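Please read the structure below before turning to the comments.
The values are calculated or read from the model by the stated rules, or taken from the named source; none is laboratory data. Note that the structure is predicted; figures quoted are calculated from it, not measured. A quick note on method: Cβ atoms are made from the backbone with ideal geometry, for glycine too, and the neighbour counts reach across all protein chains shown. To get the accessible areas, we keep the full protein, side chains included, count just its heavy atoms, and leave off ligands, DNA and RNA. Shrake-Rupley method; radii C 1.70, N 1.55, O 1.52, S 1.80 Å.
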Amino acid sequence: MNDDTKILVEEFSAFYGENEVVKRMTLPVRRHEILALFGPAGGGKTTLLRSMNRLTDNTRHARHHGRILVDGKDIFAPEVDVVHLRRRVGMIFALPVPLPMSVYDNIAYGPRMSGIRARKRLDESVERSLNRAAMWDEMKDRLAESALHLSGGQQQRLSIARVLAMEPEVILLDEPTAALDPISTLKIEQMLLNLKAQCTVVIVPHNIQQAARLADHAAFVLMGELVEYSDGRKLFTTPGDKRTEDYITGRFG
Amino acid sequence: MTAEKQVRVWPRVVQRIAFALIWTAALATLMVLAFIVLYVLRLGLPHVDWRFLSRYPEAMGREGGILPAIVGTVVLTLAAVAVAAPLGIGAAVFLTEYTWESRVTRAVRFGAEALAGVPSIIYGLFGFIFFVTYLRMGWSILSGALTLAIMILPTIIRTAEEAILTVPRPYRDVSFGLGATRWQMVTSVVLPTALPGIVTGIILAIGRSVGETAAIIFTAGTALTMPTSLLSPARTMSVHFFVLAIEGISLEKAYATGAILILTTLLINVLANWLVVNAVRRHARRG
Amino acid sequence: MITHPVLSGARQVVTLARRRCRCASLSVAGILLALAGVTALSGCARAGGRAAATRVTVAGSTSVTPFAEQLAEEFMRKRPGVQVNIQGIGSSAGIQATETGAADVGMSSRALNQEEVRELHPVLVALDAMAIIAHPDNPVRNVALPQLRRIFAGEIRNWRMLGGRDAPITLVNREAGSGARGAFEELVMGKGGSPLDYRSIRQGSQGAVRAVVEGDPNAVGYVSSGVLTPGVRALHVDGVAPTAEEAVAGRYKLVRPFLFVLRRGEAPVGLARDYIGYVLSKEGQETLVHSGLIAAPKEALPWKD
Amino acid sequence: MEGLRERLIARTLLVVACSVVLALAIITYFIFRAGLPIIFHLGLDDFLFSTRWMPADEGGSYGIGAMALGSLWVTLGALVVGVPLGVAVAVFSAELAPTWLANLIRPAIQLLAGIPSVIYGFVGLMVLVPWVRQHLGGPGLCVFTAAIVLGIMILPNIISISEDSLRAVPPAYRQGALALGATRWQTIWGVLIPAARSGIMASIILGMGRALGETMAVIMMIGNSLQVPRSLLDPATTLTSNIGLEMAYASGQHREALFATGVVLFAFIMILNLIANVVSRRRVQA
């Protein structure tokens, strides 16, 4: 494992009951790059993503084998504080989920949960996060408004800003643009490319085009198995595996 | 030809008769309700005035007002809710957020269901031997309130559980994803979102406490004095009403007390409904 | 049913609880107490069964209750800040509550039995003429004592046999354990006489009996002559009206004692003593007489064991 | 530190949740402790089936047969009144009523459930009792009166649960039946009600529990006579009303016998609850 590996998935399997949804996967995620996990629905991408910050803990009958290392430390080790892990590894979901509170409180949520109470620090954090999500200008006069009143695209960018407020090292995104229009999608993709400078990004893209646009590295996942992992550009132009090629060219999926 | 005609006509006749009966039943039910409410209000309200609400009873309630009974009802109910609400909400949170279906949850649910089915007279007997006699609390607000608390616990648990289950699943993921601990998640997202439902449950429980008689007579006593502490006995409005009515002390005052009871019930129901409607509307807006 | 996991679990709890029930349930109560935000101290103070200086609990006969309450109202008016709690829970329960200390003073509308006399000291506060009541529309005005006995034994079942209308008699009794019933059994049915008809209606208080008789033209019941209203008519018994004068003169026979009972060996202290004192005072007795009772004979002196 | 706090909270909540079970256990224990000895002393048979309840007897006679029959009569009567009416209203509200009327009925039923039982008893006493006395004979305080009022009191239980289960019937059933040419009534009677059967049964059982357990309203209306009622117009007593009436005045064995009555009642209700539980669980599985 070399130094620029942020996350290393190692011989990792995940189960729901008897059902093995991720099968002995081994996969690196490099620092300051975007990794796209793509493949047909139901292939275990979401489960893998949710395993990376242990949201699977809250699912009944979820088990796993193998390890996931973040900065070389197994996140499933008993001494790991899961709350602390989640503050380092943020997660964005397919559907925007604004919490039923104001825009400000949504963004301040993470910092507050980690114990920050000082109004000044929260203000700073909200402004900085909105700036990084490129929505400070649209939002600065609407901070007190309920987040439920925002448009879908705004809600999703708010979700990202909310994660950014925690200053995470890794951001996991599960089809973040699935419910959005093309313009919002574009804004979010732009934002992700900018974010690479600060953190590591793992995304389950909405479609192959998006994967091709964003990915530094890409991994093709089929029925819980890692079929192919390689440099993004290479994988989409000259796939090494027949199955990858079939999928990319639209022969199945 | 005739047979076919019969087949076609007969079901329509049956349907007409059946629907007529059903309409009658529904209207009869509404009329019974209207009758009870209007009957008590019509005979009671003329005797209700500010003095009736603000004065002490005299001659066992034949004269004067019902102030101690009002105070007794309020204090007893509040004390019962103060005990039952944290327990009930805590149990609901435990069942929904802290555990998966297991022997423990089944036992708790069974317990709650069983408690919900226990008749109030049994609560009265129990409260009397346990709180009044065994723990020597005497006939007191405390005994009454603790008995009532056990009685309303199932209502609070069930409604709180239902309210919590309507909180969208992703809220929890988001909250966890942002590094909240489970308890932070519960207090910052789940409980605030479920609050209207929980409050509705509490209001229904208050309604049950206000209307309860059998369990209170044996635990809080029937003394018609102003309660001065949690250890004084108290008479609630329902008990006062029962005593006035069955002992024929004063029909006038009985009707008046009954009218107050009905109005309280109405108010409680309106409040609960308003909260539910509000919650539904908020939920709908959220999509 | 036995194999039901929850039930067997519950049984285990029960067995466990049986093993150290006092301890366990006390601790549970402790939790509940803490949750209720109640100071355990006051609980302990109450636990002794001693009334606080400003409060006295009087519990017992529902027949005595209205009079005791009226006296309590007057007493509290004289002594602002004190509280006399009257609990109408029935003679037997009141006697028991006094024995166990749940009440400071018991009220009874029947004489104490031998066992009870060993524990408790009765104080006669008044005499009560029991009135036999019927509906005002009922033409029957008078019954002979033996007739009354047969009516309540269920042997005479129609008013016609008493010279009234041809209508079935609706008997209204009090329930077992009540002082009024005990006194009625003793005074009318006689010791070891035929039992009260089990088919009769039973009501939980004098007021309730009166309310039934007020509503039913064919009903007959018994209540204290102190609670008569225009809605009912008191029948003459053997030609004698149930008035205080007739009772004092010894002509009206259905007279029962109204007692306050106290724990033996403990002279009542403080407020309890003052309250009883007020009840026995000239003023208190006048109130009782005014309410239709008969003043306690002078020789009935309080707690001089 | 935070982990410790979380564990502490989880543990506390567990204890809180178990307080429900504990409360049930304590209630069971104390009621049984107070009531069982005399049942053993008298013998279960004598206690349950003797109709002689005479605490004043030498040594006391305690047989709850008459009041158990009274309970049975009153409960059955309440069901006769409440079930057809309740199911009809449920059908009405779920299937027939125009929306505005359905929206009126639901809060009305809630209100019906919220009215204190003493008010029911009182209105029954003031209105129904004199009417029965004048038009049907007898003292008016009788099984009939109590059953009618109890029937009204259990309506909310029956209506709300039945309505829920009627609404839970998949729309495909209804459409299927209508498509086959059934009238609306044939659909309701032949398809919807059978499909919602277990829910309706559960509602009836719970209503039965409520009727069996009601005390104050019954005390006010039934006359509390210790006889075995031979007609609906006879006064009678029930298990609950006898406890409510005599408890205050009872001591010694008499009181134990009342607690024993409570034990029987408690056992009855628990069995009813279990049945309702099984029935409605079957509904969930179906």
Review point. What ranking of C:Arg77, B:Arg182 comes out by heavy-atom accessible area, probe 1.4 Å, highest first?
Key: C:Arg77, B:Arg182
Revision key, fill the gap. In the protein assembly as shown the DSSP beta bridges are antiparallel at a rate, in percent to nearest 5, of 60 percent
Practice item. Just report the Cα centroid separation between the range B:101-143 and the range D:91-122, whole Å. Key: 29 Å
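Taking only C-alpha pairs under 8 Å that are 6+ residues apart, what is the relative contact order of chain D in percent? It would help to have the intermediate numbers written out before the result.
Values: 398 pairs, mean separation 74.9, N = 286.
In percent, rounded to a whole number, it is 26.
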Revision key, fill the gap. What helix-only [θ] at 222 nm does chain B give? Using -39500 (n - 2.57) per DSSP H run of at least 4, over all residues, to the nearest 500, the answer is -24000 deg cm²/dmol
Check your understanding: Between A:Met91 and residues 5 or more places away or on another chain, which pairs have amide H atoms under 5 Å apart, with H built 1.01 Å from N, and which residues are they?
Key -> A:Leu172
Point to revise | Cβ-placed point charges (K, R +1; D, E -1), dipole of the protein assembly as shown about Cα centre in debye, nearest 20 | key: 800 debye
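Over chain B, what relative contact order in percent results from Cα pairs under 8 Å that are six or more residues apart?
It rounds to 27 percent for chain B.
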Study note, to complete from the structure: Between A:Val204 and residues 5 or more places away or on another chain, the pairs with built amide H atoms under 5 Å apart involve A:Leu37, A:Leu173, A:Asp174, A:Glu175
Review point. Based solely on its DSSP helices, what 222 nm [θ] is calculated for chain D when runs of n ≥ 4 H residues each add -39,500 (n - 2.57) and the sum is averaged over all residues, nearest 500 deg cm²/dmol?
Key: -24000 deg cm²/dmol
Revision key, fill the gap. Quick shape check on the range D:2-54: root eigenvalues a ≥ b ≥ c of the Cα gyration tensor, a/c under 1.5 is rounded, otherwise prolate if a/b tops b/c, else oblate, and it reads prolate
Point to revise | Table column - 3J(HN,Hα) (Hz), the range B:231-240, Karplus curve with 6.51, -1.76, 1.60, x for Gly and Pro | key: 9, 7, x, 8, 10, 8, 4, 4, 5, 4
Practice item. Return the distance in nm (one decimal) between the two label points of a simple spin-label model at C:Ala144 and B:Arg106, each offset 7 Å from Cα along Cα→Cβ. Key: 7.3 nm
Revision key, fill the gap. Here FRET efficiency (C-beta to C-beta, B:Val270 to A:Glu138, R₀ 30 Å, nearest 0.05) is 0.10
Point to revise | Under the Karplus curve 6.51 cos²θ - 1.76 cosθ + 1.60, θ = phi - 60°, whole-Hz ³J(HN,Hα) for the range C:214-228, x wherever Gly or Pro sits | key: 4, x, 10, x, 10, 8, 9, x, 9, 9, 5, 5, x, 10, 5
Revision key, fill the gap. Any residue on another chain or 5+ positions along whose placed amide H is under 5 Å from the amide H of A:Val9 is listed here as A:Leu27, A:Val29, A:Leu69
Practice item. On the full set of protein chains, 1.4 Å probe, figure out the accessible area of D:Asp45 and give it in Å² to the nearest 10. Key: 100 Å²
Exercise for review: Using DSSP, restrict attention to beta bridges with both residues in chain A and report what percent are antiparallel, rounded to the nearest 5.
Suggested key: 60 percent
Point to revise | Cα shape, the range D:1-138, gyration tensor, a/c 1.5 rule | key: oblate
Check your understanding: What is the Cα convex hull volume of the range D:66-285 when expressed per residue in Å³?
Key -> 129 Å³
Review point. How big is the protein assembly as shown on each of its three principal axes, counting only the C-alpha atoms and giving the largest first in Å?
Key: 124, 90, 56
Point to revise | Proximal lysines to A:Lys140, defined as alpha-carbon separation beneath 20 angstrom and excluding residues fewer than eight positions away on the same chain | key: A:Lys120, A:Lys187
Study note, to complete from the structure: Log entry, pair C-B: total buried accessible area, probe 1.4 Å, protein chains only, in Å² rounded to 100, is 2900 Å²
Review point. List the trypsin sites (Lys or Arg not before Pro) in the range D:194-286 that DSSP assigns to loop (not H, G, I, E or B) and whose Cβ has at most 11 other Cβ atoms within 10 Å. Which are they?
Key: D:Arg230
Practice item. Whole number please: convex hull volume per residue, Cα atoms of the range A:1-48, in Å³. Key: 72 Å³
Check your understanding: C:Val223 accessible area, nearest 10 Å², 1.4 Å probe?
Key -> 0 Å²
Study note, to complete from the structure: Using a 1.4 Å probe on heavy atoms of the protein chains only, the accessible area for A:Lys242 in Å², nearest 10, reads 120 Å²
Point to revise | Listed residues C:Asn113, C:Leu148, B:Thr77: farthest to the positive end of the dipole of the protein assembly as shown (Cβ charges) | key: B:Thr77
Review point. Averaged per residue, what accessible surface does chain B expose to a 1.4 Å probe, in Å²?
Key: 38 Å²
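Could you report the buried accessible area between D and B, both sides summed, computed with a 1.4 Å probe and given in Å² to the nearest 100?
6500 Å²
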Practice item. Just name one of C:Gly88, C:Asn138, C:Gln70: the one whose Cα is farthest towards the positive end of the charge dipole of the range C:58-159 (beta-carbon charges, Lys/Arg +1, Asp/Glu -1). Key: C:Asn138
**Study point:** Extreme residue, positive dipole direction of the protein assembly as shown, given options B:Leu195, C:Gly221, A:Asn106 (C-beta unit charges)
**Key:** A:Asn106
Revision key, fill the gap. Phi-derived 3J(HN,Hα) across the range D:219-234 with the Karplus relation (6.51, -1.76, 1.60, θ = phi - 60°), rounded Hz, x for Gly and Pro, is 3, 6, 10, 9, x, 6, 7, 7, 7, 7, x, 9, 9, 5, 8, 7
Exercise for review: Show D:Cys18, A:Cys199 ordered by accessible area, largest first, where the area counts protein heavy atoms only and the probe is 1.4 Å.
Suggested key: D:Cys18, A:Cys199
Review point. So what is the calculated 222 nm ellipticity per residue for chain A, using -39500 (n - 2.57) for each DSSP H run with n of 4 or more, over all residues, to the nearest 500 deg cm²/dmol?
Key: -10000 deg cm²/dmol
**Study point:** Considering only the range C:129-248, percent of DSSP beta bridges that pair antiparallel, nearest 5
**Key:** 60 percent
Check your understanding: With N residues in the range C:168-212, what two-decimal value do you get for its Cα radius of gyration over 2.2 N^0.38 Å?
Key -> 1.12
Study note, to complete from the structure: On complex formation of D with C, accessible surface lost, both sides summed, probe 1.4 Å, nearest 100 Å², amounts to 2600 Å²
Exercise for review: Find out how many positive minus negative residues lie around C:Glu73, taking Lys and Arg as positive, Asp and Glu as negative, among other residues whose Cβ is under 14 Å from that of C:Glu73.
Suggested key: 0
Check your understanding: Based on the alpha-carbon gyration tensor of chain B and its eigenvalue square roots a ≥ b ≥ c, which shape applies: rounded if a/c is under 1.5, prolate if not and a/b is larger than b/c, or oblate?
Key -> oblate
Review point. Thinking of the range C:129-248 as a set of Cα atoms, what percent of all their pairs are more than 16 Å apart?
Key: 56 percent
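Counting only protein chains, not ligands or nucleic acids, how are D:Met126, D:Met270 ordered by accessible area (probe 1.4 Å), most first?
Per-residue accessible area, sorted high to low, gives D:Met126, D:Met270.
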**Study point:** Intensity falloff of chain A expressed as log10 I(q)/I(0), Debye formula with alpha-carbon point scatterers, at q = 0.12 Å⁻¹
**Key:** -0.70
